[in-house]
Amino acid sequence: MANTTGKKYGGRQKGTPNRLTKELRTILKDVLYNELEKIEELLESLEPKERLELVIKILPFILPKVDKIGHTYNEPFDAGFF
């Protein structure tokens with residue numbers, strides 16, 4: 001019989017983390033940490049073009065993207081010089 005009351009019975013409480021996700025993140029974090037220790041050696045073994053391509057690919061994960069900030073009409077402009 002379906003629950004038509006709208007109340008939740010059983011299952012995880014709100015905000016409780018999923019065990020599988022938590023374990024998977026821990027494993028992936030350990031693997032990534034081990035690879036980061038070797039990254040300098042790996043980069044040196046690549047050709048300059050391949051090295052540059054790899055750095056360009058991982059750059060968005062290291063530095064945040066910068067949003068454009070522009071002056072909109074009918075707003076005071078403060079250049080910050082004074």
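No lab work stands behind these numbers, since they all come straight from the coordinates. None of these values were measured; they are calculated from a predicted model. For neighbour counting, all protein chains shown are included, and Cβ atoms are generated from backbone atoms with ideal geometry for every residue, glycine included.
Considering only 32, 16, 45, whose Cα is most displaced toward the positive end of the charge dipole of the range 1-70, charges sitting on Cβ of Lys, Arg (+1) and Asp, Glu (-1)?
16
Subtracting the Cα-Cα distance from 0.36 nm times the residue separation, let me have the gained length for residue 20 to residue 47 in nm, one decimal.
5.8 nm
State, to one decimal in nm, how far the label point of residue 54 lies from the label point of residue 2, with both points 7 Å from Cα in the Cβ direction.
5.5 nm
Indicate the gyration tensor shape class of the range 19-62 (rounded, prolate or oblate), computed on the Cα atoms with a ≥ b ≥ c the square roots of the eigenvalues: a/c under 1.5 is rounded; otherwise a/b larger than b/c is prolate and the rest oblate.
In terms of gyration-tensor shape, prolate.
Using the Karplus curve 6.51 cos²θ - 1.76 cosθ + 1.60 with θ = phi - 60°, work out ³J(HN,Hα) for each residue of the range 10-18 in order, rounded to whole Hz, and write x for Gly and Pro.
Per-residue couplings from phi come out as x, x, 6, 6, 4, x, 6, x, 6 Hz.
Karplus couplings for the range 26-33 from phi (6.51 cos²θ - 1.76 cosθ + 1.60, θ = phi - 60°), rounded to Hz, Gly and Pro as x?
Each residue's phi maps through the Karplus curve to give 5, 5, 5, 5, 5, 4, 5, 4 Hz.
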